[in-house]
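Worksheet: the structure to be examined is printed underneath.
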């Protein structure tokens, strides 16, 4: 998914998303949850992940390092995997 599409799904500006990815700013919990829902990741990735982790997960070259057996994601995300 392109960054512009992700920002629309998460209902944030593309500039704010870029700042989050580059770790210039950190999202609030509600924004982190929307980003997680849009990308089938955990909110923790958006709150605590590094730029490299976030970019790698978005590129599909790495699994969300914060996902574990407790957090399984939404039904929609489970169906997509």
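The values are calculated or read from the model by the stated rules, or taken from the named source; none is laboratory data. In this text, all values refer to a predicted model and were calculated from it rather than measured experimentally. Here the Cβ is made from the backbone with ideal geometry for all residues, glycine too, and neighbour counts use every protein chain on show.
Return the residues of the range 10-52 that are under 19 Å from residue 77 (Cβ atoms), in a helix (DSSP H, G or I) and over 11 Å from the mean Cα position of the chain (by Cα); say none if nothing qualifies.
Hits for the range 10-52 are 29, 30.
Restricting attention to the range 5-16, which residues are under 14 Å from residue 37 (Cβ atoms) and either buried (at least 17 other Cβ atoms within 10 Å of the Cβ) or touching a helix residue (DSSP H, G or I) at 6+ places or on another chain (Cβ under 7 Å) (or both)?
Passing the criteria: 6, 7, 9, 10, 11, 12.
Taking residue 8 as the residue in question, decide whether it is out of contact with any strand residue (DSSP E or B) (no Cβ under 7 Å at 6 or more places or on another chain) and at pLDDT below 95. If you could, list the steps in order and put the result at the bottom.
Numbers: out of contact with any strand residue (DSSP E or B) (no Cβ under 7 Å at 6 or more places or on another chain): yes; at pLDDT below 95: no.
No, not satisfied.
Which members of the range 20-34 meet the condition of being more than 17 Å from residue 62 (Cα to Cα) and either modelled with pLDDT under 95 or surrounded by 15 or more Cβ atoms within 10 Å (Cβ to Cβ) (or both)?
Once the filter is applied, which keeps residues that are more than 17 Å from residue 62 (Cα to Cα) and either modelled with pLDDT under 95 or surrounded by 15 or more Cβ atoms within 10 Å (Cβ to Cβ) (or both), the range 20-34 yields 20, 27, 31, 32, 33, 34.
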